[in-house]
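In what follows, a single structure is set out as structure tokens and then discussed.
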Amino acid sequence: MNSKELKDKILKLKKEKNAVILAHYYQINDIQEIADIRGDSLALAREATKLSSDIIVFCGVRFMAETAKVLCPDRKVLIPEMDSVCPLADMATREEVLKKKEELGNTTIVSYVNTNVDVKTVSDICCTSANAVNVVRSLDEKRVLFVPDRNLGSYVKEQVPEKEIVLWDGYCPVHEEYSVENLKKLKEEHPNAKVAVHPESPKAVREMADFIGSTSGIINYVNKTDTDEFIIGTEEGILYELRVNNPGKKFYIIGSKSICTNMKKITLESLYKALKDEIYEIKLDEETIELAKKPIERMVSIKRT
């Protein structure tokens, strides 16, 4: 089947099964085009709680589908590719986090939503890149263990100096690749371009940016900024939304490896098969759901920047 035939079949199945398709901004263009809702982690987490569908098909990486299941335990949550995992999330486990907490003593665990559900079950509150600063500021406690992204954690540390923030040594392989040299080269080639980067980027890259923000934050910045050219520091899937909203603007991605291969595993074929056969369902036991729900719900209640 070609792309059009697959999309038609997916739309027909979606209607028949009362399903909804959620897609992260880093998905391939075909998936973003057919999705009911496109968004970043926080937006999709919030939207998941508002849905009345019987089936949620989550086009993203596994921790995102787990989060949707935690917030919507009565829905069937499918992920088209079960091995679509997040390398950053896999850099922290429940046992490792508990061991670190014991070493530190009295500390509050703030886990980035880019963690697997086992880490969320031992977290006090979750955050996303959109509300991480506000989450940490909202805490009464002075010492925080920030898991697992060291770059986002260091950015939060800069914005909230009154807290003692202990950083986990994890990172996003895509954002970690960004270098000052690559960014300097792009700035020389496009001197009028504004630079917008994700806080998962290394500190040296962030220091050269005009704007630092989440995926949705970057999109909003581009939408409202009266400039024709932008240098973007995040996964290249964001270009779909940027170009839809800003057809007259030009975009340049930092580096040559701004592709999350795990995000790109989901295709129209795998989406169609998952929905048709209702396979690759996210299943979590009641205890896990209850433990993970508390820090996620606390996260959702905190406003984004």
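The values are calculated or read from the model by the stated rules, or taken from the named source; none is laboratory data. For clarity, every value in this text was computed on a predicted model and none was experimentally measured. Cβ: placed from backbone, ideal geometry, glycine included. Neighbour counts: every protein chain shown.
Given Glu241, Glu236, which one is of a type outside the set (Gly, Ala, Ser), part of a loop (DSSP other than H, G, I, E, B), touching a strand residue (DSSP E or B) at 6+ places or on another chain (Cβ under 9 Å) and within 18 Å of Gln32 (Cα to Cα)?
Residue meeting the stated conditions: Glu236.
I'm trying to understand the selection: among the residues of the range 190-237, which are over 30 Å from Ile266 (Cα atoms) and touching a residue at least 60 places away in the same chain (Cβ under 8 Å)?
Residue satisfying the conditions is His190 alone.
What about Lys283, is it assigned to a loop (DSSP other than H, G, I, E, B), within 18 Å of the chain's Cα centre (by Cα) and exposed (fewer than 14 other Cβ atoms within 10 Å of the Cβ)?
The answer is no for Lys283.
Condition test on Ser201, is it in a helix (DSSP H, G or I) and either on the phi > 0 side of the Ramachandran plot or crowded, with 19+ Cβ neighbours inside 10 Å (or both)?
Values: in a helix (DSSP H, G or I): no; either on the phi > 0 side of the Ramachandran plot or crowded, with 19+ Cβ neighbours inside 10 Å (or both): yes.
Spelling it out, it is not the case that Ser201 is in a helix (DSSP H, G or I) and either on the phi > 0 side of the Ramachandran plot or crowded, with 19+ Cβ neighbours inside 10 Å (or both).
Identify the residue in the range 36-57 that is crowded, with 20+ Cβ neighbours inside 10 Å and free of Cβ contacts under 8 Å to residues at least 60 places away in the same chain and, among all such residues, is farthest from Ser3 (Cα to Cα). Break it down into steps so the answer makes sense when it comes.
Keep residues of the range 36-57 that are crowded, with 20+ Cβ neighbours inside 10 Å, which gives 38-45, 48, 55-57.
Filter again for free of Cβ contacts under 8 Å to residues at least 60 places away in the same chain, leaving 44, 48, 56.
On the way: Leu44: 25, Ala48: 27, Ile56: 22 Å.
Taking the candidates together, the pick is Ala48.
Looking at Thr115, Thr128, which is the one that is within 27 Å of Leu239 (Cα to Cα), at pLDDT 95 or above, out of contact with any His (no Cβ under 9 Å at 6 or more places or on another chain) and buried (at least 22 other Cβ atoms within 10 Å of the Cβ)?
Thr115
Quick check: anything in the range 296-305 assigned to a loop (DSSP other than H, G, I, E, B), buried (at least 19 other Cβ atoms within 10 Å of the Cβ) and either of a type in the set (A, V, I, L, M, F, W, C) or over 22 Å from the mean Cα position of the chain (by Cα) (or both)?
Yes, the conditions are met somewhere in the range 296-305.
Would you mind finding the one in Ser154, Ser216 that is within 22 Å of the chain's Cα centre (by Cα) and at pLDDT below 95? Spell out the reasoning first.
Working: Ser154 fails: at pLDDT below 95.
The conditions single out Ser216.
Please return the ranges of helices (runs of 4 or more DSSP H) entirely within the range 53-139 where 1 or more residues are under 17 Å from Tyr25 (Cβ atoms) and of a type in the set (Ser, Thr, Tyr).
Filter on the range 53-139 gives 62-71.
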